Amino acid sequence: MIESSQAALSKDDSVLVSEAKAGSYAAFEELVNRYERKIYRLGLNLTGNPEDAEDVLQEAFLKAFEHLPEFREDSRFYTWLVRIAINEGLMKLRKRRSDKAVSIEDGEGEEGEFLPREFQDWKPNPEQIYAQAEMEAILRNAAGSLPPGLRTVFLLRDLEGLSTEETAALLSLTEGAVKARLFRARLQLREELSKVFKRG
C-alpha cells in the first residue's frame with residue numbers, strides 16, 4: 001500500500017515536472033507546495049539558522065526553476081531538489097566560516113545582546129511540546145558540532161530518511177563511505193549527547 005502511494009506520488013511529480021518544463025507555472029508551484037516544508041527543515045538542520053534556512057529554501061527552488069530544462073528525470077525530482085538544497089546549505093556554512101559569523105547556538109540582538117536561537121517544533125501534541133522542543137534543540141546543537149561531511153550524511157539518512165543508496169548518489173560517495181560517515185557521525189553525536197545529559 002505504501003509503495004503504491006509512493007509510486008503515485010513519484011508519478012505525479014514526473015507529470016508536474018513535464019508540465020512545468022512546458023511552461024506551466026502552476027505545475028511548478030505545486031512542486032514548491034509539496035516540498036517547501038521538507039527543504040526548509042533540511043536547510044534549518046544543515047545551517048542551524050532560520051534566516052539561512054529561508055535563503056536555502058528560496059535559492060534551491062529558484063535554481064531548480066532556472067535549471068528545470070536540464071533535469072534529465074533519471075532520478076526523482078525531490079532527490080534532485082535535495083542535492084541543490086545541500087549545495088546551497090554548504091555554501092552558507094562555508095561563507096559563515098569565512099565571515100567568522102556568530103556561533104549557530106546564539107543569535108545577536110540589535111544592541112549586541114545574545115539571544116537564544118528559536119527552533120520551531122512541528123509536533124502537534126501540546127503536552128509534549130516543551131520536552132520535544134528541548135530535545136530537538138539539544139540534538140540540533142549536537143548535530144551542529146559535527147564536521148559538515150558527517151553532518152550532511154547524518155541529516156539525510158537519520159533525519160530525512162533517505163536510503164544509503166540515495167544519500168551516496170546525492171553526495172557522489174560510495175555506499176561504503178556513507179555508512180562509514182554515518183557510523184562516525186552517530187559515535188560523535190553519542191559522545192556530545194552524553195556530555196549534555198551528564199551536565200543535566
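Some observations on this one:
- Residue tally, condition without any contact (Cβ under 8 Å) to a residue 24 or more places away in the chain, part of a helix (DSSP H, G or I) and either touching a helix residue (DSSP H, G or I) at 6+ places or on another chain (Cβ under 8 Å) or basic (Lys, Arg) (or both), over segment 65-95: 3
- Selection count where residues are assigned to a helix (DSSP H, G or I) and more than 20 Å from residue 41 (Cα to Cα), scope segment 165-185: 12
A quick yes/no check of all residues on (1) within 24 Å of residue 141 (Cα to Cα); (2) modelled with pLDDT of 85 or more:
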site: 5; (1), (2): no, no
site: 16; (1), (2): no, yes
site: 19; (1), (2): no, yes
site: 36; (1), (2): yes, yes
site: 45; (1), (2): yes, no
site: 63; (1), (2): no, yes
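The values are calculated or read from the model by the stated rules, or taken from the named source; none is laboratory data. Note that this is a predicted model, so its numbers are computed, not measured. Glycine also receives a Cβ, built like all others from the backbone with ideal geometry; neighbour counts cover every protein chain displayed.
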